Amino acid sequence: MELETKFYVAGTPLEATIHIPDKGNESAVQGKVDRVPPGIACLMEKYPTVLLCHGYGSYRNHGWGRLAKALGDNGFASLRFDHRGAGVNPSRRHTPRPSSEGPYDARSAIDYCESLPFVDKERIGITGGSMGGIMSIIMAATDSRIKSAAPMACTANCGENIRKDWGDSADAFMEEMRKDARLTAATGLSRIINMADDIGLHRKEGVGDANIIASLLLPGISPYVTLESIRDLIDFNATDYISDVQCPIFIIHGADDGLNAEDHPRRLYNALPESNKNKRIKIYPDVDHSIFDCVNSEAVVRDIVDWFSETLKD
């Protein structure tokens, strides 16, 4: 069962979707109440719950409903939500702020989950892709309510990667960003560029992340972002947090990801603290950065469900 809802961050409503396992009268009501409607029966149980975090320029329904259903079929509730500046009708289009605002959005999502009577507050996990993967790491490192994490397609260091993607043009791009920062401070406006410019895909000949290019035209995807947003993204670095993750963590990456599979995920895995005894990494063949659009995505979905079944269920 899915329910459309919203929660609030600093007074700003964020659109969200709750997925709850379908249950009938045979649920945990256990005969105490006769003829309980199936929808009500769902709400009378407590479920381990997983937050699903979307990527930069993306939104909550870009593939995440599929994972929500798989989790629901295995006894999990889930919450997927649009960050500020994201979604079909965002209040501040083109200006997501993953570093300065994203963690507050995710923390408020956890607060909202705790307000729901069917959420088991002691069994909350988190997963996400790309920006959402980094968000999963940040929350796992900084919020003790997160008991398990499964970050996917993570950039180890966004600032480093953006500079690398721009190659010989990086210094000139950074100077444009500094000029734009002055403009933004003086006028409140920031230059808008195409997302492909930000992530450098126009410079990568033969790179297989064609799914990203195709997705830029989908409803809810923002093909344009402001330079202000990119300045914020440059400071959004998983390497600043990964050494503080003590809960179980499963790092997931595609072998065909434009982010080098021998670099980003392994750097993150190797930076996990030695004291964390429940950590795992897996690189999937035939999977690129846009995981749910790939032919081998079913294996990823299955492993995520198995991971949370292992680390969140009694």
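The values are calculated or read from the model by the stated rules, or taken from the named source; none is laboratory data. Predicted, not measured: the structure shown is a model, and the values here were computed from it. Cβ sites come from the backbone with ideal geometry, for glycine too, and all protein chains shown count toward neighbours.
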Taking ALA261 as the residue in question, decide whether it is surrounded by 15 or more Cβ atoms within 10 Å (Cβ to Cβ) and assigned to a loop (DSSP other than H, G, I, E, B).
yes
With ILE193, ILE134 as the choices, which residue is aliphatic (A, V, I, L, M), in contact (Cβ under 8 Å) with a residue 24 or more places away in the chain, in contact with a Ser or Thr (Cβ under 9 Å, 6 or more places away or on another chain) and not assigned by TED's automatic domain parsing to the domain that holds ILE249?
ILE193
GLY102: in contact (Cβ under 8 Å) with a residue 12 or more places away in the chain and within 16 Å of ARG84 (Cα to Cα), yes or no?
yes
I'd like to check something: does the range 287-297 contain any residue that is within 21 Å of THR49 (Cβ to Cβ) and free of Cβ contacts under 8 Å to residues at least 24 places away in the same chain?
no
Mind listing whichever residues of the range 222-235 are at pLDDT 90 or above and either crowded, with 23+ Cβ neighbours inside 10 Å or closer than 12 Å to PRO96 by Cα (or both)?
THR226, LEU227, GLU228, SER229, ILE230, ARG231, ASP232, LEU233
Some residue of the range 42-55 being modelled with pLDDT of 55 or more and farther than 23 Å from SER148 by Cβ
yes
Could you say whether any residue in the range 291-313 is in a loop (DSSP other than H, G, I, E, B) and farther than 23 Å from ASN61 by Cβ?
yes
Quick one: which residue in ALA181, ALA196 is at pLDDT 95 or above, hydrophobic (A, V, I, L, M, F, W, C) and not in a loop (DSSP other than H, G, I, E, B)?
ALA181
So, first residue at pLDDT 95 or above in the range 145-159, second residue among the hydroxyl-bearing types (Ser, Thr, Tyr) and surrounded by fewer than 23 Cβ atoms within 10 Å (Cβ to Cβ), Cβ within less than 6 Å, six or more apart or across chains; the pairs are SER148/THR311
If you go through ILE138, ILE124, ILE134, ILE162, the only one that is modelled with pLDDT of 90 or more, crowded, with 16+ Cβ neighbours inside 10 Å, among the β-branched types (Val, Ile, Thr) and over 13 Å from the mean Cα position of the chain (by Cα) is ILE124
